[in-house]
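The values are calculated or read from the model by the stated rules, or taken from the named source; none is laboratory data. What you are looking at is a predicted structure, and each value in this text was computed from that prediction instead of being measured. Here the Cβ is made from the backbone with ideal geometry for all residues, glycine too, and neighbour counts use every protein chain on show.
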């Protein structure tokens, strides 16, 4: 019985991962570049802070996965060009797909970052603005 359950779980995981890979491939093909890889950046929020306080990335496509680790209310995620943090300059694809309750995780859509300086923060937590340098 355990082998059957394991086999079913393995097949479900394989099907799910294949489906995700196909969706990512469709996204890349829609952009006309089948060689692009989407990388996931994982960040966690605690009260008034992110666990990683600034980092450097290469130009490319990213998904941001945000966890709420102990903040007693919902949190979000914002990326904006450095010095232009008002809402009209936010990168909408970087917003998490749902606000995140304590113990939960949510992801952004695919965010294409070009060379430059950006900041990330949570206005709901609130956190300082941390720098993303894209080279």
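Structure summary
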{"read-out": "Condition met for residue 96 (touching a strand residue (DSSP E or B) at 6+ places or on another chain (Cβ under 8 Å), modelled with pLDDT of 95 or more, part of a loop (DSSP other than H, G, I, E, B) and within 17 Å of residue 43 (Cα to Cα))", "value": "yes"}
{"read-out": "Residue within region 42-51 that is modelled with pLDDT under 95 and touching a strand residue (DSSP E or B) at 6+ places or on another chain (Cβ under 7 Å) present", "value": "yes"}
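Per-residue answers, yes or no, for (1) part of a helix (DSSP H, G or I); (2) within 13 Å of the chain's Cα centre (by Cα):
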site: 88; (1), (2): yes, no
site: 109; (1), (2): no, yes
site: 118; (1), (2): no, no
site: 125; (1), (2): no, no
